[in-house]
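**Q** Provided herewith is a single structure, encoded as structure tokens, for subsequent inquiry.
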Amino acid sequence: MALLEVKDLEIAVAAGGALLPVVRGVSFSVDENETLGIVGESGCGKSLTSLAIMGLLEGSQLRLTGGSISFDGRELNSLSPNERRAIMGDQMAMIFQEPMTSLNPVYRIGDQIVETIRQHRDMSKRQASDRAVELLDLVRIPEPARRIDSFPHQMSGGQRQRVMIAMALACDPKLLIADEPTTALDVTVQKEVLDLMADLQTRMGTAIVLISHDLGVIAETCDKVAVMYRGKIVEAASAAALFANISHPYTRGLLNSIPVVDHDVEWLEAIPGRVPTIDETLPGCAFHPRCSMAEIRCSAEDPAPHDVATGHTVRCHFAGKGTV
Amino acid sequence: MLLYTIKRLLALIPTLLAASVLVFLFIHLIPGDPAAILLGDTATPEDVAALTREMGLDEPIWKQYALWLGNVLQGDLGTSVFFREPVLSVIGDGAETSILLATMTMFWIVLFGIPIGILSATKHGTWVDQMTSGGAMLFASVPTFWLGLYLILIFSVGLGWFPSSGFPSISDDGGLTNLRYLILPSLTLAAPNAALIIRLVRASMLDVSREDHVRTARAKGLHPAKVAIKHVFRNALIAVAAAFGFTFAALVSEAVVTETVFSLPGIGRLVVQSILRRDYPVIQGVILVIVVLYMIINLLVDLAYARLDPRVSLK
């Protein structure tokens with residue numbers, strides 16, 4: 001049984017008394033020591049999916065309207081808030097997109113790591129503080145024993161993201177959710193952070209859900225990939241199978257919009273149009289207004305998931321019928 | 001920090017000088033001859049002229065100022081025209097009442113303002129929030145004198161729980177129980193300011209709760225109450241601390257009204273009465289003391305600010 005199993009997840013946003021669906025029937029699973037990449041443009045529902053798994057939708061306009069999330073054999077939606085919090089930060093941890101603002105500005109970083117440890121482990125302040133130094137060393141912060149006394153504003157973005165990673169790893173989580181962990185960082189720092197996560201995974205066997213809008217990052221780091229568009233997974237496969245045989249026009253579009261450095265290109269390819277807003281109702285395939293292959297059928301009928309190969313599922317009427 | 005404090009204290013000097021010039025000029029612009037007012041309707045012009053000379057009021061204004069300033073620098077704020085006593089001891093007499101009143105008022109402001117503000121923010125959007133926000137709005141808009149009169153009507157005249165006016169010193173018979181004389185006045189004075197703090201705590205907590213680091217705190221699995229106090233409120237406190245400086249300024253002016261309503265022998269009432277009596281030395285002295293206090297309070301607020309927010313560096 002997989003460590004994390006998400007089935008038919010439905011999330012809606014409460015707007016003026018109505019519930020507008022934003023994530024529709026998303027299913028995937030992640031095993032120990034495995035990295036799943038979820039990719040898509042802004043607004044496709046990938047971050048909401050990760051917040052739902054983590055249990056951070058509460059107190060917002062967002063509602064979990066259906067589906068199940070099972071983690072380590074327990075159905076998370078049936079747990080009490082207390083039981084849920086016992087898992088958060090302990091067996092399941094999260095890294096966020098904004099390293100500059102994700103740490104509390106008024107506390108020393110050491111204290112913020114210690115807080116996580118002492119929330120879940122029965123340790124003295126001294127022990128927890130030693131553990132914090134270890135963790136900072138693990139994420140390659142130089143002079144960790146001195147740096148635990150730094151405030152977040154005294155560190156760079158890359159360093160802060162390392163601190164976030166250290167904090168997430170504080171209790172040796174089984175699952176690490178990383179929501180665009182490198183988007184706000186310089187390219188060189190991006191690479192370091194991704195390498196660090198991969199390295200930690202091989203050492204600790206952590207399962208990772210990596211959310212990104214960057215197919216390049218996903219290709220480099222993930223075992224499995226799920227491509228999301230407008231709240232649905234439109235293509236899912238192992239990374240090798242997906243990149244060998246891209247079968248959804250949207251995935252193709254995302255890949256084409258990555259500039260190739262060693263080619264002299266005048267035009268950067270882009271997917272025309274925009275992601276429809278959540279209050280637009282769109283019959284048929286949600287991607288059809290932007291799709292170069294769209295036919296009349298696409299605007300009338302929503303394609304069902306179709307297996308183009310074992311473990312490679314595509315939501316497109318043209319799936320398996322020639323190249324996209 | 002120490003160097004900064006010393007610098008700020010030195011900066012008090014030019015500000016005080018400027019303030020003293022303004023105060024000196026302002027009260028001399030008020031119509032009315034102090035000698036004539038002191039001697040009353042029956043005084044002859046000769047008596048008035050003699051007293052004017054005695055008080056030094058016939059000298060040119062710059063000379064009066066220079067003389068006064070020279071004395072102030074030696075710690076002598078002059079002699080009250082009305083009480084015929086040194087200004088310092090006149091102020092000293094009112095100080096006990098005013099200091100106790102201010103302390104009790106601040107106590108109420110913190111006691112009511114902060115917990116109710118936190119409650120209002122954490123119950124955001126519920127009936128609890130609507131009740132507290134509505135109540136805060138009401139108390140923020142009620143005039144001090146009106147509230148004071150109603151409290152007297154209900155708790156002194158109606159229920160007879162607290163005395164309605166005056167304040168015997170706590171060194172007199174009754175000792176600390178004499179503080180009951182200050183309960184209604186301090187509540188009156190605290191109400192609009194506590195209401196302000198409630199609204200401010202609520203607003204800044206709601207602001208902070210939308211910040212990314214609060215999401216991080218929740219992702220750690222912390223209890224919502226811990227997130228609210230340790231993470232949200234602690235950051236909101238930075239804005240609230242800044243407001244306490246303004247609150248003090250508001251207290252000074254509201255104390256004038258409150259002390260009058262409750263006939264308290266404090267500095268606020270002293271100012272009003274001294275203005276009516278044209279008792280220049282007392283007015284100048286009191287205002288000087290208030291300016292110094294105001295600047296010291298604001299220095300303390302800035303120091304607190306730096307303690308609360310590690311991103312602020314004092315230079």
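The values are calculated or read from the model by the stated rules, or taken from the named source; none is laboratory data. Only a predicted model underlies this, so the values are computations on that prediction, with no experimental measurement involved. Here the Cβ positions follow ideal geometry from the backbone for every residue, glycine too, while neighbour counts run over all protein chains shown. These accessible areas exclude ligands, DNA and RNA; they are computed on the full protein's heavy atoms, side chains included. Shrake-Rupley method; radii C 1.70, N 1.55, O 1.52, S 1.80 Å.
**Q** Please find, within region B:208-226, the residue that is most open to solvent (accessible area, probe 1.4 Å) out of those that are among the basic types (Lys, Arg) and more than 7 Å from chain A (Cβ to nearest Cβ).
**A** This residue is B:Arg210.
**Q** Which of (1) touching a helix residue (DSSP H, G or I) at 6+ places or on another chain (Cβ under 6 Å); (2) buried (at least 18 other Cβ atoms within 10 Å of the Cβ); (3) within 14 Å of another protein chain (Cβ to nearest Cβ) is the odd one out, the single condition B:Ala191 does not satisfy?
**A** (3)
**Q** Hey, another quick one. Which condition number does A:Ser257 fail, the rest of (1) in contact with a Lys or Arg (Cβ under 6 Å, 6 or more places away or on another chain); (2) under 15 Å from A:Phe287 (Cβ atoms) being met?
**A** Failed condition: (1).
**Q** Turning to a different aspect of this structure: Limited to region A:194-214, what total is found for residues that are part of a helix (DSSP H, G or I) and crowded, with 22+ Cβ neighbours inside 10 Å?
**A** Residues flagged as part of a helix (DSSP H, G or I) and crowded, with 22+ Cβ neighbours inside 10 Å within region A:194-214 amount to 1.
**Q** Within region B:182-279, considering only helices (runs of 4 or more DSSP H) that don't extend past its boundaries, which have at least 1 residues that are touching a Ser or Thr at 6+ places or on another chain (Cβ under 9 Å) and in contact (Cβ under 8 Å) with a residue 40 or more places away in the chain?
**A** Those helices (runs of 4 or more DSSP H) span B:183-209, B:234-261, B:267-276.
**Q** Across region B:77-91, which residue is nearest to B:Arg180 (Cα to Cα) among those that are modelled with pLDDT under 85 and not β-branched (Val, Ile, Thr)?
**A** Taking region B:77-91 and keeping what is modelled with pLDDT under 85, we get B:77-84.
Filter once more, keeping what is not β-branched (Val, Ile, Thr): B:77-78, B:80, B:82-84.
Details: B:Leu77: 33, B:Gly78: 34, B:Ser80: 31, B:Phe82: 30, B:Phe83: 28, B:Arg84: 32 Å.
Ranking the qualifying residues of region B:77-91, first place goes to B:Phe83.
**Q** So, of the residues in region B:1-52 that are open to solvent by 40 Å² or more (accessible area, probe 1.4 Å) and of a type in the set (Val, Ile, Thr), which turns out to be farthest from the chain's Cα centre (by Cα)?
**A** B:Thr44
**Q** Mind checking which residues of region A:23-57 are open to solvent by less than 20 Å² (accessible area, probe 1.4 Å) and either assigned to a strand (DSSP E or B) or acidic (Asp, Glu) (or both)?
**A** Filtering region A:23-57 for residues open to solvent by less than 20 Å² (accessible area, probe 1.4 Å) gives A:23, A:26, A:30, A:35-40, A:44-46, A:49-50, A:52-57.
The answer is A:Val23, A:Val26, A:Val30, A:Thr35, A:Leu36, A:Gly37, A:Ile38, A:Val39.
**Q** Read through the list (1) in contact with a helix residue (DSSP H, G or I) (Cβ under 6 Å, 6 or more places away or on another chain); (2) outside the structural domain of A:Thr35 (by TED's automatic domain parsing), then give the number of the only condition that A:Gln159 fails.
**A** (1)
**Q** Which ranges mark the helices (runs of 4 or more DSSP H) fully within region A:100-175 that have 1 or more residues being within 13 Å of chain B (Cβ to nearest Cβ) and open to solvent by 10 Å² or more (accessible area, probe 1.4 Å)?
**A** By residue number, A:109-120, A:157-168.
**Q** Test B:Ser253 against the stated conditions and say whether it is closer than 19 Å to A:Gln112 by Cα and not hydrophobic (A, V, I, L, M, F, W, C).
**A** Numbers: closer than 19 Å to A:Gln112 by Cα: no; not hydrophobic (A, V, I, L, M, F, W, C): yes.
Answer is no for this residue.
**Q** Does any residue of region A:1-14 turn out to be modelled with pLDDT of 90 or more and in a loop (DSSP other than H, G, I, E, B)?
**A** Checked against the condition, which is being modelled with pLDDT of 90 or more and in a loop (DSSP other than H, G, I, E, B), region A:1-14 yields at least one hit.
**Q** Then there's this: In contact with a strand residue (DSSP E or B) (Cβ under 8 Å, 6 or more places away or on another chain) and more than 8 Å from chain B (Cβ to nearest Cβ) - does that describe any residue in region A:77-89?
**A** yes
**Q** May I ask you to say which residue of A:Ser292, A:Ser257 is out of contact with any strand residue (DSSP E or B) (no Cβ under 8 Å at 6 or more places or on another chain), in the same structural domain as A:Asp199 (by TED's automatic domain parsing) and closer than 14 Å to A:Glu41 by Cβ? Quick ask: steps written out before the conclusion?
**A** Working: A:Ser292 fails: closer than 14 Å to A:Glu41 by Cβ.
Only one candidate qualifies: A:Ser257.
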